[in-house]
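Undergrad: Please find one structure pasted underneath; my questions will follow.
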Amino acid sequence: MVRPPLTQLEHERGERLGMLLRDARGLRSMAEIAATPAFFTVAALAAALGLSLEEIARACAEPDEALSA
């Protein structure tokens, strides 16, 4: 599925949102405030991208765990 290009209004709205989030983040790094997605969010993303949950688990495993799988 191809996403249609953003309108000028959507682009400006995104810029304002980005500015608001950067200002609110202050001096904290993005890693400090990053949210961990819920399982169902990950599952929905996997389905939309044509990935299995097993593929995702394998890709996210610690190196030692991935070798034993």
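Undergrad: What are the residue pairs meeting all of these: first residue in the range 40-56, first residue closer than 24 Å to Val2 by Cβ, second residue part of a helix (DSSP H, G or I) and of a type outside the set (Gly, Ala, Ser), Cβ atoms under 6 Å, and 6 or more apart or on different chains?
TA: Ala46/Leu53; Ala46/Ile56
Undergrad: For Ala59, state whether it is among the small types (Gly, Ala, Ser), part of a helix (DSSP H, G or I) and surrounded by 10 or more Cβ atoms within 10 Å (Cβ to Cβ).
TA: Considered against the rule, which asks whether it is among the small types (Gly, Ala, Ser), part of a helix (DSSP H, G or I) and surrounded by 10 or more Cβ atoms within 10 Å (Cβ to Cβ), Ala59 comes out as no.
Read the figures in this text as sums done on the coordinates, not as results from a lab. Worth saying up front: this structure is predicted, and the values here are computed from it rather than measured. For neighbour counting, all protein chains shown are included, and Cβ atoms are generated from backbone atoms with ideal geometry for every residue, glycine included.
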